[in-house]
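A.B. asks: Handing you this structure, nothing more for now.
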Amino acid sequence: MGRSTEQAEAGTRSGQGGSGMETAGAQGGEAARAPVALSPSRASDFMQCPLLYRFRVIDRLPEKPSAAATRGTVVHAVLERLFDAPAAERTAVGARAMVPGEWAKLLAKRPELAELFAEDAEGERLAQWLAEAEALVERWFSLEDPTRLEPADRELYVETVLDSGLQLRGFIDRVDVAPTGEVRIVDYKTGKAPRPQFAEGALFQMKFYALVMWRLRGVVPRRLQLVYLGSGDVVTYDPGEADLRGVERKLLALWEAIQLATATGDWRPRPTKLCGWCDHQAHCPEFGGTPPVYPLQVRPADGGVVPQGRMGEI
């Protein structure tokens, strides 16, 4: 799932890919800085709720580890490293056996994830969680045949700067290149495929990656492929240049809105059903909370600087 999305991608995959891609952290004594780049996850955050984007990118508020997101991290690690083995050794049994080891590696890198099972003295919840991860890995073998695949790239970090100056960044799960040169971008999702009316969000992420690859390599990817391990669905989309130009226009408009909010300090919440899963309710006005003091200078339209606390005068 491109080092993006499901974890908030919350930085759970190898400790990367969260809001740290866009800004220096405001935590740990570092000075807050305005966002400098855009990733699919953070673009989705802003479209979902501008205040959530601020909390993650500028304030860098901590978030609780998620069992589902962490499981996704482990599954992605297995599907990435499986291709280190010769084709004949890429078996479902072998892949399942990799799950506990990848969990141990992740836990060594991020000890705080142990709190997910802090009240699991008998290890039953952990065993069930690992079994669920193993089942997701095994399901992948019913959707793709790894003995017939030799990815050109795995967990590929991509970055480009558009003519406008906007910097785009992200991680792509897998890139396949045919002998004829055609490119396929593949993204693993550990959840279920959304209903058609809600599929545009995932496709937006894939089109984002396609745009970056087009700008980097001069070739429009032939196919975008989403592999949903939770439901056993494979969704494909074949983009064209017109599609990607449309995505570029959307990203530019989105970036202008982010820059305006950064300059004015006006980050408004956008209540949705997803608010029930948000870790930041204590800081959200929609739940009676108060956001942290805005750590950046506020600039009114005339270019002057208004100290935080006088925003009502803008």
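The values are calculated or read from the model by the stated rules, or taken from the named source; none is laboratory data. Just so we're clear, the structure is a prediction, and the values are computed from it rather than from any experiment. Calculation scope for accessible area: heavy atoms of the full protein, side chains included, ligands and nucleic acids excluded. Shrake-Rupley method; radii C 1.70, N 1.55, O 1.52, S 1.80 Å.
A.B. asks: Would you pull out the residues with amide H under 5 Å of residue 38's amide H, same chain only if 5 or more places away, H placed 1.01 Å from N?
C.D. replies: When sequence neighbours closer than 5 places are left aside, the close amide H contacts are 167, 168, 169.
A.B. asks: Pop out the ³J(HN,Hα) list for the range 206-219 in order, Karplus 6.51 cos²θ - 1.76 cosθ + 1.60 with θ = phi - 60°, rounded to Hz; leave Gly and Pro as x.
C.D. replies: Per-residue couplings from phi come out as 5, 5, 4, 4, 4, 4, 4, 5, 4, 5, 7, 10, x, 10 Hz.
A.B. asks: Where does helix 92-109 land angle-wise versus the long Cα axis of the chain, in degrees 0 to 90, nearest 10?
C.D. replies: Helix 92-109 sits at roughly 30 degrees to that axis.
A.B. asks: Give the separation of the Cα centroids, the range 44-115 to the range 191-220, in Å.
C.D. replies: Taking the Cα centre of each part, the range 44-115 and the range 191-220 sit 20 Å apart.
A.B. asks: Let me ask another. Hey, what do the phi angles of the range 168-173 turn into as Karplus ³J(HN,Hα) couplings, whole Hz, using 6.51/-1.76/1.60 and θ = phi - 60°, x for Gly and Pro?
C.D. replies: 10, 9, x, 10, 9, 4
A.B. asks: Moving on to the next point. Can you give the three extents of the C-alpha atoms in the range 103-155 along their principal axes, from longest to shortest, in whole Å?
C.D. replies: So the three principal-axis extents are 42, 23, 11 Å.
A.B. asks: Could you give the spread of the C-alpha atoms of the range 169-278 along their three principal axes, from largest to smallest, in whole angstroms?
C.D. replies: Taking the Cα atoms of the range 169-278, the three principal extents are 50, 34, 22 Å.
A.B. asks: Here's a follow-up. Top to bottom by accessible area (1.4 Å), largest first, where do 163, 187, 145 land? Please report the intermediate quantities before stating the final value.
C.D. replies: Numbers: 163 160, 187 0, 145 70 Å².
Largest to smallest exposure gives the sequence 163, 145, 187.
A.B. asks: Further question: Taking θ as phi - 60°, what are the ³J(HN,Hα) couplings along the range 285-290 by the Karplus curve (6.51, -1.76, 1.60), each to the nearest whole Hz, with x for Gly and Pro?
C.D. replies: Each residue of the range 285-290 in turn: x, 5, 10, x, x, 10 Hz.
A.B. asks: Return, for the Cα atoms of the range 56-198, the radius of gyration and Dmax in Å, separated by a comma.
C.D. replies: 17.7, 57
A.B. asks: While we're on this one: What 222 nm value per residue comes from the helices of the chain, counting each DSSP H run with n ≥ 4 as -39,500 (n - 2.57) and dividing by all residues, nearest 500 deg cm²/dmol?
C.D. replies: -11000 deg cm²/dmol
A.B. asks: Using just the Cα positions, wrap the chain in a convex hull and report its mean projected area in square nanometres, one decimal place. Show your work: numbers first, answer last.
C.D. replies: Values: hull surface 71.8 nm².
Convex hull of Cα atoms, orientation-averaged projection: 17.9 nm².
A.B. asks: Which value, in nm² and rounded to one decimal, describes the direction-averaged projected area of the C-alpha convex hull of the range 127-173?
C.D. replies: Working: hull surface 21.7 nm².
That works out to 5.4 nm², a quarter of the Cα hull's surface.
A.B. asks: Right, something else. With angles folded into 0 to 90 degrees, how steeply does helix 67-81 sit against the dominant principal axis of the chain? Use alpha carbons for both and round to 10.
C.D. replies: With both axes taken from Cα atoms, the answer is about 50 degrees.
A.B. asks: A further question on this structure: Roughly what angle does helix 241-264 make with the longest principal axis of the chain, taking Cα atoms, 0 to 90 degrees, to the nearest 10?
C.D. replies: Tilt of helix 241-264: around 40 degrees.
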